[in-house]
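Trainee: Next up is a structure, given as structure tokens.
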Amino acid sequence: MFEATNNWVIKSFLVIGASLALLISFLIVADVIGRGIFLSPVKGTKEMVEASVVLICFLQAAYAIRSGGMIAVDVFVTRLSTRPKALVSLFGSLLGVGFFFIIFYGGLDLAARSWVSGEFEGEGALRIPSWPARFMVVIGSALAITQYLILSWHALRALVNPTHSEDFFKASSH
């Protein structure tokens, strides 16, 4: 049940991130056309793109982990049997937990301060609040941690009991 809910959230964030990327691409095209033809760029494009890149990355990070899209040296790992492969996966997953925990922990205070102080990006015509991107870093990191913990659990089960290797291969191939 937990994994199914987690997968639904991760896929929802993926769709939101992809939709945001599509919208930003239209904004960039409009900005280029505005600059080239009308000599008038779309105001605030730079600020919106900067904020959106952070949102898109952290909206989609957990799905990249779940789908096996993170960096791995497959040429070595695929040659291993189940237990060594599970051990490598467990080690990598725990490193991922540690990495995203540092980002999560470091981002908590920044997100709270951004919210309280009303921090924003941009000057003049368009001022974009910074807190959505800062909170997405925290939320995206929490989801990435959760996904790495799920992968760790499957790897640990395959390491301890090779009969659970089907669960391990199924979880690591999504």
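The values are calculated or read from the model by the stated rules, or taken from the named source; none is laboratory data. Everything numeric here is computed off the predicted structure, so don't read it as measured data. Glycine gets a Cβ as well: all are built from the backbone with ideal geometry, and neighbour counts include every protein chain shown.
Trainee: Consider Phe76 carefully, then state whether it is part of a helix (DSSP H, G or I) and under 21 Å from the mean Cα position of the chain (by Cα).
Mentor: Working: part of a helix (DSSP H, G or I): yes; under 21 Å from the mean Cα position of the chain (by Cα): no.
Considered against the rule, which asks whether it is part of a helix (DSSP H, G or I) and under 21 Å from the mean Cα position of the chain (by Cα), Phe76 comes out as no.
Trainee: Does the stretch 3-19 hold any residues that are farther than 21 Å from His154 by Cβ and either over 14 Å from the mean Cα position of the chain (by Cα) or not in a helix (DSSP H, G or I) (or both), and which are they?
Mentor: Matches in the stretch 3-19: Ser19 only.
Trainee: Can you give me the number of residues within the stretch 29-49 that are surrounded by 14 or more Cβ atoms within 10 Å (Cβ to Cβ) and in a helix (DSSP H, G or I)? Break it down stepwise before answering.
Mentor: Going residue by residue through the stretch 29-49, those that are surrounded by 14 or more Cβ atoms within 10 Å (Cβ to Cβ) are 31, 34, 41-49.
Among the residues that remain, those that are also in a helix (DSSP H, G or I) are: 31, 34, 45-49.
Number of matching residues: 7.
Trainee: Of the conditions (1) within 25 Å of Arg134 (Cβ to Cβ); (2) out of contact with any Ser or Thr (no Cβ under 9 Å at 6 or more places or on another chain); (3) part of a helix (DSSP H, G or I), Phe58 satisfies every one except a single condition; which number is it?
Mentor: Phe58 satisfies every listed condition except (2).
Trainee: Let me ask something else. Based on what the data block shows, is Leu95 surrounded by fewer than 17 Cβ atoms within 10 Å (Cβ to Cβ) and assigned to a helix (DSSP H, G or I)? Outline the logic, then answer.
Mentor: Details: surrounded by fewer than 17 Cβ atoms within 10 Å (Cβ to Cβ): yes; assigned to a helix (DSSP H, G or I): yes.
Here the answer is yes, as Leu95 does meet what is asked.
Trainee: Do we find a residue being modelled with pLDDT of 95 or more, over 18 Å from Gly122 (Cβ atoms) and touching a helix residue (DSSP H, G or I) at 6+ places or on another chain (Cβ under 7 Å) anywhere in the stretch 24-33?
Mentor: Taking the stretch 24-33 first, the residues modelled with pLDDT of 95 or more are 24-33.
Next, only the ones that are over 18 Å from Gly122 (Cβ atoms) stay: 25-26, 29, 32-33.
With the extra rule that they be touching a helix residue (DSSP H, G or I) at 6+ places or on another chain (Cβ under 7 Å), the set shrinks to none.
So far as the stretch 24-33 goes, no, none of its residues is modelled with pLDDT of 95 or more, over 18 Å from Gly122 (Cβ atoms) and touching a helix residue (DSSP H, G or I) at 6+ places or on another chain (Cβ under 7 Å).
Trainee: When Leu87 is evaluated against the numbered criteria (1) surrounded by 15 or more Cβ atoms within 10 Å (Cβ to Cβ); (2) farther than 22 Å from Ile150 by Cβ; (3) not polar (S, T, N, Q), which criterion, by number, is the only one it fails?
Mentor: (2)
Trainee: So in the stretch 91-132, with the set limited to residues that are out of contact with any strand residue (DSSP E or B) (no Cβ under 8 Å at 6 or more places or on another chain) and charged (D, E, K, R), which one is nearest to Val53 (Cα to Cα)?
Mentor: Checking each candidate, the answer is Glu123.
Trainee: Now for a separate question. From (1) at pLDDT below 85; (2) surrounded by fewer than 15 Cβ atoms within 10 Å (Cβ to Cβ); (3) farther than 30 Å from Val42 by Cβ, pick out the condition that doesn't hold for Ser172.
Mentor: Every condition holds for Ser172 apart from (2).
Trainee: Out of curiosity, is Ser114 touching a Pro at 6+ places or on another chain (Cβ under 9 Å), part of a helix (DSSP H, G or I) and either polar (S, T, N, Q) or free of Cβ contacts under 8 Å to residues at least 40 places away in the same chain (or both)?
Mentor: Numbers: touching a Pro at 6+ places or on another chain (Cβ under 9 Å): yes; part of a helix (DSSP H, G or I): yes; either polar (S, T, N, Q) or free of Cβ contacts under 8 Å to residues at least 40 places away in the same chain (or both): yes.
Against the criterion (touching a Pro at 6+ places or on another chain (Cβ under 9 Å), part of a helix (DSSP H, G or I) and either polar (S, T, N, Q) or free of Cβ contacts under 8 Å to residues at least 40 places away in the same chain (or both)), Ser114 qualifies.
Trainee: To continue, here is another question. Just for the stretch 98-107: of the residues that are surrounded by fewer than 16 Cβ atoms within 10 Å (Cβ to Cβ) and not small (Gly, Ala, Ser), which one is nearest to Ile145 (Cα to Cα)?
Mentor: Going through the stretch 98-107, the residues surrounded by fewer than 16 Cβ atoms within 10 Å (Cβ to Cβ) turn out to be 98-99, 101-102, 105-106.
Checking which are not small (Gly, Ala, Ser) leaves us with 99, 101-102, 105.
Details: Phe99: 9, Phe101: 7, Ile102: 10, Tyr105: 11 Å.
Ranking the qualifying residues of the stretch 98-107, first place goes to Phe101.
Trainee: Could you check the stretch 125-149 and list, in sequence order, the residues that are more than 30 Å from Val42 (Cα to Cα) and either of a type in the set (Gly, Ala, Ser) or at pLDDT below 95 (or both)?
Mentor: Correct list: Ser141, Ala142, Ala144.
Trainee: Step by step: first the residues of the stretch 108-157, then only those that are among the hydroxyl-bearing types (Ser, Thr, Tyr), crowded, with 19+ Cβ neighbours inside 10 Å and farther than 23 Å from Thr5 by Cα, then the one that is farthest from the chain's Cα centre (by Cα). Which residue is that?
Mentor: Filtering first and then ranking leaves Ser114.
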